[in-house]
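The values are calculated or read from the model by the stated rules, or taken from the named source; none is laboratory data. Values in this document were obtained by computation on a predicted structure and should not be read as measured data. As a convention, Cβ positions derive from the backbone with ideal geometry for all residues, glycine included, and neighbour counts pool all protein chains shown.
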Amino acid sequence: MRPRCPRRALAATAARFAPLFLLVAACGSQDPVADPDSVPPQDEATEGTLVSMSFYPGAATIESGAEQTFRVYGWFSDITSREMTPEIVWSSSSPEVAAISPAGVATAVSGGTTTIEAIEPSGKKAHTSLVVRALTSLEITPATDTMPTGVARSFRATATYSDTSTRNVSGEATWVSSDPSVAEVSSVGGLGQDVKGIAPGAATITAWLGDASAAATVEVTPPAVDVVNILPSSATIGVGMTVQLEATATFSDGTQQVVTADPGCVWYLSRCFSTTAASVSAGLVTGVEPGFVLVIGAFGENYGLVGIEVVP
């Protein structure tokens, strides 16, 4: 059986600890940690009223198939500005000319002019124009060319647009040779596309850009003579003595050939010096009298020179 606590003892205990209960209650009512929900919100900085919007670029001209990115900037009454592009709703007045994405990127579809409109959340609008130039024709220059084997020539592709403007598009066009074994399309040069002759024959070079194309005719001839080298480079002989010269031709395809006795190799003495001190035939020089002669060996469109001193 549990012992019963006398009421007189409980009253005495309560009276004894009453000051402590009062202290705890007082501390609890003065908790220094404030309730987050009871803290009034701080005033947030607000920007001024939107006064106007502007496009960048203000207007643009692009070609069919190209893209143009637009940005919109807002100007506010507190003399501040910021980019508003992510907030903008975009539209194009003529989607058949150019469509525009939610990110403000316009894609040209066909020739013409369209108005690009930007609307910000409060309803303010801004406009700009986008002109799309349609490609109307393509031209290759030269239209015909003749080149030796091993030689590269530059061809240019020029595009004409619906606004009558023209542009060099050699680096953008796709180039094709009808017979790469005769003429091959090689690297793009500074202003045009290089075409190299590979072997004698004819080939058609075609350039494509979008739906437009143009063609040029190329005739490749046998290798041309680039250099004629004569050895020895100089000599001294006596009267009645001889020296045999040797002429070597280097061709446009990089090959070499000894042409000393070739019927196409012409030997003669330059008139800038004595023409009587020696004689020359098929590269064989014979001293006739004391003097200096300049021997020339010509082959194709090039020649080599050798100075020879004739002594007594």
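Residue by residue through the range 279-299, note down the ones that are out of contact with any Gly (no Cβ under 7 Å at 6 or more places or on another chain) and within 15 Å of ASN229 (Cβ to Cβ). Outline the logic, then answer.
Looking only at the range 279-299, we keep the residues that are out of contact with any Gly (no Cβ under 7 Å at 6 or more places or on another chain), and these are 279-282, 284-286, 288-291, 293, 295-296, 298.
Residues satisfying the conditions are VAL295, ILE296, ALA298.
Please name all residue pairs, on different chains or six or more residues apart, with Cβ atoms under 9 Å, provided the first residue is in the range 239-253 and is assigned to a loop (DSSP other than H, G, I, E, B) and the second residue is of a type in the set (Phe, Trp, Tyr) and modelled with pLDDT of 95 or more.
LEU245/TRP267
Residue by residue through the range 262-312, note down the ones that are of a type in the set (S, T, N, Q) and either part of a strand (DSSP E or B) or closer than 13 Å to ILE237 by Cα (or both). Please lay out each step first, then the result.
Looking only at the range 262-312, we keep the residues that are of a type in the set (S, T, N, Q), and these are 270, 274-276, 279, 281, 286, 302.
If the condition is that a residue be of a type in the set (S, T, N, Q) and either part of a strand (DSSP E or B) or closer than 13 Å to ILE237 by Cα (or both), then SER279, SER281, THR286, ASN302 are the ones that fit.
Could you list, in sequence order, all residues of the range 154-170 that are surrounded by fewer than 19 Cβ atoms within 10 Å (Cβ to Cβ) and more than 17 Å from SER64 (Cα to Cα)?
Scanning the range 154-170 gives SER154, ARG156.
Taking into account only those residues within the range 172-205 that are in contact with a Phe, Trp or Tyr (Cβ under 7 Å, 6 or more places away or on another chain) and touching a residue at least 24 places away in the same chain (Cβ under 8 Å), which is surrounded by the fewest Cβ atoms within 10 Å (Cβ to Cβ)?
Quick first cut of the range 172-205, residues in contact with a Phe, Trp or Tyr (Cβ under 7 Å, 6 or more places away or on another chain) only: 173-174, 185, 192-193, 195, 205.
This time we only want the ones that are touching a residue at least 24 places away in the same chain (Cβ under 8 Å), so: 173-174, 192-193, 195, 205.
Numbers: ALA173: 25, THR174: 12, GLY192: 19, GLN193: 21, VAL195: 24, ILE205: 25.
That would be THR174.
Return a yes/no flag: does the range 83-97 have any residue that is of a type outside the set (S, T, N, Q), surrounded by 14 or more Cβ atoms within 10 Å (Cβ to Cβ) and under 29 Å from the mean Cα position of the chain (by Cα).
Checking the range 83-97: at least one residue is of a type outside the set (S, T, N, Q), surrounded by 14 or more Cβ atoms within 10 Å (Cβ to Cβ) and under 29 Å from the mean Cα position of the chain (by Cα).
If you scan the range 273-299, which residues turn out to be surrounded by 16 or more Cβ atoms within 10 Å (Cβ to Cβ) and within 58 Å of the chain's Cα centre (by Cα)?
SER274, VAL280, GLY283, VAL285, VAL293, LEU294, VAL295, ILE296, GLY297, ALA298, PHE299
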